[in-house]
Amino acid sequence: MAIAALETVAPAAPSTTTSKKRGSLGGVVLWVVLTLLIIAPVGSFLILGVSPRVFHQGSQWFTLSYVRQAFSSYFGRGIFNSLWVSTSVAILSVSIATALAWLIHRTNLGGRRFWAVMMWLLLMMPTWMMTLGWGDLLQPFGAAQALGINTHWIYGEFFGPLGIVVVLTSAALPFAYFIVSAGLQGLGPEFEDAARIHGAGPIRSLQTVLPIIAPALLSALAICFAETMSDFGVAFTLGYHSNFPMATYVLFNAISNFPANFSVAAVIAAVLIISTIPPIILQSRVMRKRSYAVLSGRTRAPRRRELARGPRALATAAVAGVFFVALGVPILGAVIGSLVKNLGIDSPNGVHFTLTYYAQIFKPSIQGDSLGAPLLLSNQLGLVVATGTGVLAVILARRLIANPGSWSQRVTDVFLLGSVAVPGVVLGVGYIFFYNLSFISNNVISIYKTLPLLMLALVANAVPGQTRFMAGPVSQIQPSLGEAARVHGAGRMRAWRTTNLPLMSRVLLWGWLLTFTKTIAELAISQILYPPSQEPASVSIQSYLANFAPNTGTAMTVLTLLEMLAVIGIALSVYRLVTPAGWRRVGWTGVQS
Amino acid sequence: MSEVTKRAVGVSMSGLGKVFSEKLALDDVSIEVEPGTFLVLLGPSGSGKTTLLRCVAGIERPSQGSISIGGNVVVGGKTFLPPERRRLAMVFQDYALWPHLSVRKNVAYPLATSTLEKGERTRRCDDLLERVGIGHLAERYPNELSGGEQQRVALARALAAEVGLILFDEPLSNLDADRREQLRIEIATLTREAGMTAIYITHDQSEAFALADRIGVLNQGRLVQLDTPENIYRHPHSAFVARFTGVAGEFPVHVTNEHGEGVVMVALPFAAGHTIEASTIERLESGADVRLFVRSSGVSLGVPSRDEGVRGMIIDVAFNGRGYDHVVDVGEGFTLTKVFAATKFDRGQNVKVCFDPSACFVMDPTREVSK
């Protein structure tokens, strides 16, 4: 569900002249693809929770014993922990993000554009990388100690609920920030002016204006809760090492143990989905009503509050502090950790810096293989998955905004909402189960334990969020622009290429980059579905970290992060170089401060 | 025959119907547009005028009926030509300028598929931009222009297409009064100079009267009258057309007696014993209860004298630049609005009200005639 929260504009109502026949045939093909990608794997897996006999996983046609099992002992603890952590994270992240959004968008804070870019970096940062950075920094004889900072007092605290909440709050910040920012940007100065003119002081003005963006705040709370519930990276690393089970990890555990208990896993999966569907539906309803977006029609551009020099410096320092904790500490920890010899070991020779671990990355190492191959594989996966997802997401986004209120639009909407709530770990387990069924592998498609299966799962994981992400910008394009092209002699393809594509290009690029970077660092599905001897980078790194080669794993993490940043930089530069000037003047303002 | 006259094409619409989710947007509309005619479709919101225009453009597909442009069937039976094959141009209500293209590239868009050399295309675009008065803005982008300038770009783009038919979808509705007037003149002049047939939709009757060779009035998806502007104004076929094209007052009256061909005498409800002449297109019996519609041009004000006549009192007055528009209370709760006089009558002043029979007409208020 990673980028579903970035949905910003309500679907509009373009007219359509598409031939009904072509529409219905396209619809059938699309739904067959979506069934194979999401509906069948997840649906068949979930059935096992109450009816294991349907797919020969037990003797009962209907039983609630797995439901009881899922809510007891270890499994129950995982579910309970996830629920309270997600609630805390949602409240914390929305509070911090609201303050950040207000400072960045409504004041003369220093470095506003820089902070907005940092927020995008934070969005792209996987949670397991953050955990790794924090761990490297704080552990005894770790990176902080190499810098002469004593962290013993906080190490124990960090490896527990506190650390988990800190990392997950950092990860949820961008989602809350982008939603609240959209609300704030639509909120013109006239409301505040009216309050002030009618006698309200600054505090009362704020009290008057804040309820106007309440839908955005509510929406942000919902998405942050859902994002945190479905996170696997922290559960698999920090949660596991702190003996603090979380729902996604106990689900993974249920199918990793021998014999695999698919039925209990299915119940936990259902709990995860059910707990995230209400907030996501709420968010969708709120965004659709768009009570704050209606302000934008004749609303003037928001005015920035001019902070005096002292408060401005203080506010800038506070924002820098937030980004330091959320992004700086993990990156710093990982970078220093990758350069310190014998990280975490009490060496009589003291702390030494070295580049050895970077050199090891491309040499055969303890795994008998170099680390270059997993990174290359992850890049290939990223390329295919981001491109495939982009194409499917555009098709689905157009379907989502066409024919508002129609049966097809409502079904697509409900399906996407439901799919956004499916965590990657559930999708991964669903794929293992469904594509290993003999009926499927013998009669439909035989891709179990292959790279295409992993690719399909990654596409399925990215498509719902990406579609909702694109629906906003796609719906912003006035239908008359395409109609004008057709009326003035352009065929269907030329009209799309010359009018819609330029207007969507920036959002397509950012959508592609988001999926690409998320795929490179994806852990849940990759961990479950990687084919034998074809480990993606994230899995390979985890295996190095678990096999007493933390430095090499950390160096690999830093290199992966650098590579992601380099790809973003190159892609943005190429876009700037090859696209006509007009393309860059229009479109999505998601990266503007 | 000049080149421009050759370019204009006729448009024939027959039995057009369009249903949106069980809502009837167009109901059996048939219109013939002669080549070179400037047809204005006039109607309130929801009357179907935009749907009709979009059907002609090929953006909407009618549920029934046929359309021919220049003698070629573009809709009819199983035929449905997409917009790009209809050889027409259009000015959109929201201008529909492509924000990523400069003004010059927007205007050059329709020429992309032409056989003209690049230099010739540029020259033609620049000529057009000069003609619409924005030659100096060729390198700008749409978001750097005012509303009026954007509308001129949209007009230049439509003219650049060099086709026989140009469609206007309420092109002036987003502009302020001054710019609207100025652009209305430019649209009329440039379209006629280009020798194109034009179909223009609006809900503004003054715009319609100023532009049209012929006006089609639409109501609830039906064409209720198609005629010259003069006939629409002087001889409305229904109460709806009369009201929509502007009346100063509307009163229940009864016919006292016929007074020649198409003229009756009616008793005014607000001035006992007073009767006036009014025109009618119906045959009305003496004693029939009908409604009297008075155009603002059919009322004049004067200083009261001892002569018998209708009396009124000024309750509001507004300066309109050329003179004064008055609201007159004529008694019994009836008022006349927008009564023009070159000189000002003050609020509360008593006046004499005179009626011109040629701008007063009576009809059965329930009468609706489909043309």
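The values are calculated or read from the model by the stated rules, or taken from the named source; none is laboratory data. Remember, it's a predicted structure, so these values are computed and weren't measured experimentally. Cβ atoms come from the backbone with ideal geometry, glycine included; neighbour counts cover every protein chain shown.
So if I check each of A:67, A:29, A:50, A:94, which one is under 23 Å from the mean Cα position of the chain (by Cα) and β-branched (Val, Ile, Thr)? Full working, then the answer.
Details: A:67 fails: under 23 Å from the mean Cα position of the chain (by Cα); A:29 fails: under 23 Å from the mean Cα position of the chain (by Cα); A:50 fails: under 23 Å from the mean Cα position of the chain (by Cα).
Just one listed residue meets the conditions, A:94.
All of B:270, B:251, B:240, B:209 fail the test of being in a helix (DSSP H, G or I) and in contact with a Phe, Trp or Tyr (Cβ under 8 Å, 6 or more places away or on another chain), apart from B:209. Output the residue which, of all residues in the range B:88-112 that are more than 20 Å from residue B:167 (Cα to Cα) and facing chain A (nearest Cβ under 7 Å), is nearest to the chain's Cα centre (by Cα). Residue satisfying both the conditions and the ranking: B:99.
Of everything in the range A:493-530, what is of a type in the set (D, E, K, R) and within 27 Å of residue A:122 (Cβ to Cβ)? Give them in sequence order. Matches in the range A:493-530: A:506, A:518, A:522. Per the listing A:281, A:212, the residue uniquely surrounded by fewer than 17 Cβ atoms within 10 Å (Cβ to Cβ) and in contact with a helix residue (DSSP H, G or I) (Cβ under 7 Å, 6 or more places away or on another chain) is A:281. The helices (runs of 4 or more DSSP H) located wholly in the range A:403-450 that include 3 or more residues which are without any contact (Cβ under 8 Å) to a residue 12 or more places away in the chain occupy A:407-420, A:438-443. In the range A:26-41, the residues that are under 19 Å from residue A:529 (Cα atoms) reach residues that are of a type in the set (S, T, N, Q) with C-beta atoms within less than 6 angstrom, at least six apart or across chains, in these pairs: A:38/A:419. Can you confirm whether residue A:361 is modelled with pLDDT of 85 or more and within 19 Å of residue A:136 (Cβ to Cβ)? Criteria not met by residue A:361.
Based on this model, can you work out whether residue A:75 counts as in a helix (DSSP H, G or I), free of Cβ contacts under 8 Å to residues at least 12 places away in the same chain and of a type in the set (Phe, Trp, Tyr)? First the steps, then the outcome.
Details: in a helix (DSSP H, G or I): yes; free of Cβ contacts under 8 Å to residues at least 12 places away in the same chain: no; of a type in the set (Phe, Trp, Tyr): yes.
It is false that residue A:75 is in a helix (DSSP H, G or I), free of Cβ contacts under 8 Å to residues at least 12 places away in the same chain and of a type in the set (Phe, Trp, Tyr).
In the set (1) more than 14 Å from chain A (Cβ to nearest Cβ); (2) more than 18 Å from residue B:53 (Cα to Cα); (3) among the aromatic types (Phe, Trp, Tyr), the condition left unmet by residue B:200 is number (2). Would the range A:150-159 turn up any residue that is within 17 Å of the chain's Cα centre (by Cα) and over 27 Å from residue A:353 (Cβ atoms)? No - not one qualifying residue is present in the range A:150-159. Being surrounded by 21 or more Cβ atoms within 10 Å (Cβ to Cβ), within 14 Å of chain A (Cβ to nearest Cβ), at pLDDT 90 or above and within 21 Å of residue A:488 (Cβ to Cβ): is that true of residue B:140 here? Here the answer is no, as residue B:140 does not meet what is asked.
Of all residues in the range B:169-190, those that are part of a helix (DSSP H, G or I) and touching a helix residue (DSSP H, G or I) at 6+ places or on another chain (Cβ under 8 Å) total 9.
Could we say that residue B:121 is of a type outside the set (Val, Ile, Thr), under 25 Å from residue A:492 (Cα atoms) and without any contact (Cβ under 8 Å) to a residue 40 or more places away in the chain here?
Working: of a type outside the set (Val, Ile, Thr): yes; under 25 Å from residue A:492 (Cα atoms): yes; without any contact (Cβ under 8 Å) to a residue 40 or more places away in the chain: yes.
Answer is yes for this residue.
If the condition is being surrounded by 21 or more Cβ atoms within 10 Å (Cβ to Cβ) and facing chain B (nearest Cβ under 9 Å), then the range A:486-517 contributes A:486, A:487, A:488, A:489, A:490, A:495, A:499, A:502, A:503.
Got a number for residues in the range B:148-186 being closer than 18 Å to residue B:105 by Cα and at pLDDT 85 or above?
Going residue by residue through the range B:148-186, those that are closer than 18 Å to residue B:105 by Cα are B:149-162.
Checking which are at pLDDT 85 or above leaves us with B:149-160.
The number of residues fulfilling the criteria is 12.
Restricted to the range A:462-575, the set of helices (runs of 4 or more DSSP H) holding at least 1 residues that are in contact with a Ser or Thr (Cβ under 8 Å, 6 or more places away or on another chain) and not charged (D, E, K, R) comprises A:479-487, A:501-521, A:524-529, A:537-546.
Put simply, of A:297, A:337 the only residue that is over 25 Å from the mean Cα position of the chain (by Cα) and at pLDDT below 70 is A:297. None of A:522, A:483 is acidic (Asp, Glu) and more than 14 Å from chain B (Cβ to nearest Cβ) except A:522. Scanning the range A:114-142 for residues that are of a type in the set (Val, Ile, Thr) and buried (at least 20 other Cβ atoms within 10 Å of the Cβ), which turns out nearest to the chain's Cα centre (by Cα)? Per the criteria, the residue is A:127.
Here's the yes/no breakdown for (1) at pLDDT 90 or above; (2) part of a helix (DSSP H, G or I); (3) among the β-branched types (Val, Ile, Thr):
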position: A:195; (1), (2), (3): no, yes, no
position: A:199; (1), (2), (3): no, no, no
position: A:207; (1), (2), (3): no, yes, no
position: A:211; (1), (2), (3): no, yes, no
position: A:214; (1), (2), (3): no, yes, no
position: A:220; (1), (2), (3): no, yes, no
position: A:223; (1), (2), (3): no, yes, yes
position: A:226; (1), (2), (3): no, yes, no
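Screening the range B:13-91 for strands (runs of 3 or more DSSP E) wholly inside it with 3 or more residues that are free of Cβ contacts under 8 Å to residues at least 40 places away in the same chain returns the ranges B:72-76.
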